[in-house]
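Here's the structure we're looking at; comments come further down.
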Amino acid sequence: MLKKAPKLKSTVKTKAKGNINVRPASEAMIELVTLLFLNSLTEEAKAKAFEEKSATIRAQHVRAVAKKVLKKSRG
């Protein structure tokens with residue numbers, strides 16, 4: 001897993017409407033939320049792989065749980 005989300009600040013600026021300034025504290029919070037999301041996604045994919053008696057997490061496992069994790073993360 002990556003230690004840092006790649007180009008996160010530029011991604012946030014391009015997705016935001018209008019000119020937005022992202023302060024360093026906000027950038028850190030965005031990175032933490034992203035890492036928490038990726039962590040929960042991997043945990044769910046790991047559980048799915050275990051259910052299918054697979055030793056490795058494959059793309060099909062991630063795709064199978066992605067919709068559920070996205071719904072859970074929205075609140």
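The values are calculated or read from the model by the stated rules, or taken from the named source; none is laboratory data. Treat the numbers as computed from the prediction; the structure is a model and nothing was measured. Backbone-built Cβ (ideal geometry, glycine too); neighbour counts: all protein chains shown. Quick note on the areas: whole protein, heavy atoms, side chains included, nothing else; ligands and nucleic acids left out. Shrake-Rupley method; radii C 1.70, N 1.55, O 1.52, S 1.80 Å.
Listing for the model above:
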{"read-out": "First in the range 22-41 and free of Cβ contacts under 8 Å to residues at least 40 places away in the same chain and under 19 Å from Val62 (Cα atoms), second anywhere and open to solvent by 70 Å² or more (accessible area, probe 1.4 Å) and among the aliphatic types (A, V, I, L, M), Cβ under 8 Å, 6 or more apart", "value": "Leu38/Met1"}
{"read-out": "When residues of the range 27-38 are limited to those that are open to solvent by less than 70 Å² (accessible area, probe 1.4 Å) and modelled with pLDDT of 80 or more, the one farthest from Ser73 (Cα to Cα)", "value": "Ala28"}
{"read-out": "Residues (out of contact with any Ser or Thr (no Cβ under 9 Å at 6 or more places or on another chain) and open to solvent by 50 Å² or more (accessible area, probe 1.4 Å)) located in the range 40-57", "value": "Thr42, Glu43, Lys46, Phe50, Glu51, Glu52, Lys53, Ala55, Thr56"}
